[in-house]
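Written below as structure tokens is the structure these notes are about.
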Amino acid sequence: MNPKEELGRLLQAGVRENEPMALHTSWQVGGAADYYLLPADETELQEIVRYCKREGLPLFVFGNGTNLLVRDGGIRGLVAQIGAPFNYIYREGELLRAGAGVSLTSLARRAAKEGLQGCGFGAGIPGSLGGALVMNAGAFGSYIGSLVEEVRLVCPDGGAISLGSEELVFGYRRSNLAGKGIIVEALLRLKQGEPAALAEEVESYLAERRRRHPSQPSAGSVFRNPPGRPAGGLIEEAGGKGLSVGPAQVSEKHANFIVNSGGATAADIEELIGVVRRRVKDRFAVELQTEVRIIGEKR
Ligand SMILES: Cc1cc2nc3c(=O)[nH]c(=O)nc-3n(C[C@H](O)[C@H](O)[C@H](O)COP(=O)(O)OP(=O)(O)OC[C@H]3O[C@@H](n4cnc5c(N)ncnc54)[C@H](O)[C@@H]3O)c2cc1C
């Protein structure tokens, strides 16, 4: 029996075959995943993990696909998206318990409404909480890892664990959560604030992003900032703004963004990443590292 039939029997979540990943990534590029599904809850996710382990099927998990470049040849094996079923937020005093599928913008808005301060910086970051924790997403000098009290994960063996803040390490756009399992929920510690002021803060962060960031499809900042200099500044000074490969273009508005101006392929974007890296290396002898995750097979 193939995974579609077997998992289809086990789970509420329908399994889709040959699902274009371009539908699930903010760059709107990426070839097909062999099998795609949206787990309905933690139990289903555990079932999927055990099934993949038993059958030796590779499993890739993602959230909103806003930090991913999926190559045009797609992804072999099974892809699970942590989405709507993990989209919940509960207040517990000064803590918020949130599912990994919650977007950082919803989290910021809800915290503001509750008069809880600390996650306003996430307004406008289009990723999910799960993806944000793995990447330790941040903005305007704040980052998600600093708020974490506890993270719940489904482990590679199909069990589940909760890790306390003392077991977690967060650094610049990285955490020790990568490889530990699939994040399903987190408990975040916030501070008391005033709802109206917090709502205003959220709106000002959103306005700042509209002013600074391009509106075309992108994955946010492509490169990590090397010590001492923002990557965007280096790219701009190296004459990188406006460079293009096909419809993939270094944004004129923000040099660390590569936008899909319409119909770009993952190969166009990956080639442009290489062009930008060489420019910056030739000019400043700095090797830029990508912040976006590049996965899948070339066509
Ligand atoms: C317009 C724009 C602006 C952005 N601005 C910022 C910004 O200011 N700051 C910033 O830090 N980032 C920014 N980003 C990048 C991105 O939104 C963040 O990195 C975000 O946290 C990624 O979340 P995601 O759900 O989209 O992750 P995905 O892209 O889906 O996945 C990223 C990685 O996390 C893993 N992952 C995802 N979910 C889980 C899970 N539940 N359990 C285990 N692993 C998981 C995936 O396997 C993958 O390796 C921006 C992106 C865009 C498009």
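Any read-out appearing in this document is the output of simple, stated calculations on the displayed coordinates, not a laboratory observation. Everything numeric here is computed off the predicted structure, so don't read it as measured data. Ideal geometry is used to build each Cβ from the backbone, glycine not excepted, and the neighbour counts take in all protein chains shown.
Within the shell of other residues whose beta carbon sits under 13 angstrom from the beta carbon of residue 206, the net charge comes to +1, with Lys and Arg scored +1 and Asp and Glu -1. For the cross-link pairs 113/191; 241/281; 4/180; 180/298, the ones whose C-alpha atoms lie over 19 Å apart are 4/180; 180/298. For residue 282 and residue 297, the difference between the fully extended length at 0.36 nm per residue and the C-alpha to C-alpha distance is 2.5 nm.
Here the chain is assigned +1 on the Cβ of each Lys and Arg and -1 on the Cβ of each Asp and Glu. Its dipole about the Cα centre then comes out at about 760 debye. Sorted largest first, the spans of the alpha carbon positions of the chain along the three principal axes are 53, 52, 31 Å.
Using the Cα coordinates of the stretch 231-295, the gyration tensor eigenvalues translate into equivalent-ellipsoid semi-axes of 18, 13, 10 Å, sorted from longest to shortest. Near residue 2, within a Cβ-to-Cβ distance under 12 Å, what is the net charge of the other residues, with Lys and Arg +1 and Asp and Glu -1? Counting the neighbours of residue 2, the net charge comes to -3.
For the pair residue 204 and residue 236, label points projected 7 Å from Cα toward Cβ lie 2.2 nm apart. Within the listed set 249, 12, 81, the Gaussian network model of the chain (springs between alpha-carbon atoms below 10 Å) gives the highest mean-square fluctuation for 12. Estimated purely from DSSP H runs of n ≥ 4, each contributing -39500 (n - 2.57), the mean residue ellipticity at 222 nm for the chain is -8500 deg cm²/dmol once divided by its residues. At full extension, residue 162 and residue 289 could sit 42.6 nm farther apart than now, given 0.36 nm per residue minus the alpha carbon distance. Evaluating 6.51 cos²θ - 1.76 cosθ + 1.60 at θ = phi - 60° for every residue in the stretch 271-277, the Karplus couplings come out as 5, 5, 4, x, 4, 5, 4 Hz, glycine and proline recorded as x.
Which percent, to the nearest 5, of DSSP beta bridges fully inside the chain are antiparallel? That works out to approximately 80 percent antiparallel. Electrostatic tally near residue 25: other residues with Cβ closer than 13 Å to its Cβ, Lys and Arg +1, Asp and Glu -1, net 0. Entry note, the stretch 231-295: relative contact order of 28 percent, from Cα contacts under 8 Å with a spacing of 6+ residues.
Shape index of the stretch 82-136: Rg/Rh, with Rg the Cα radius of gyration and Rh the Kirkwood radius from the inverse mean 1/r over Cα pairs, equals 0.93. Using a Förster radius of 22 Å, what is the FRET efficiency between residue 174 and residue 140 based on their Cβ-Cβ separation? Nearest 0.05, please. Here the calculated transfer efficiency is 0.70. Modelled spin-label separation between residue 92 and residue 215, with each label point placed 7 Å from Cα along the Cα-to-Cβ direction: 4.2 nm.
Computed over the chain with a Gaussian network model linking Cα atoms closer than 10 Å, the most mobile of 68, 23, 37 is 23. Take every pair of alpha-carbon atoms less than 8 Å apart whose residues are at least six positions apart; their mean separation over the length of the chain yields a relative contact order of 18 percent. The phi-based Karplus calculation (6.51 cos²θ - 1.76 cosθ + 1.60; θ = phi - 60°) puts the 3J(HN,Hα) values of the stretch 50-56 at 5, 4, 4, 5, 4, 8, x Hz, whole numbers, x for Gly and Pro. Taking θ as phi - 60° and the Karplus parameters 6.51, -1.76 and 1.60, the scalar couplings of the stretch 66-83 work out to 9, 9, 10, 10, 9, 5, 5, x, x, 10, 7, x, 10, 10, 10, 9, 8, x Hz in sequence order, x denoting glycine and proline.
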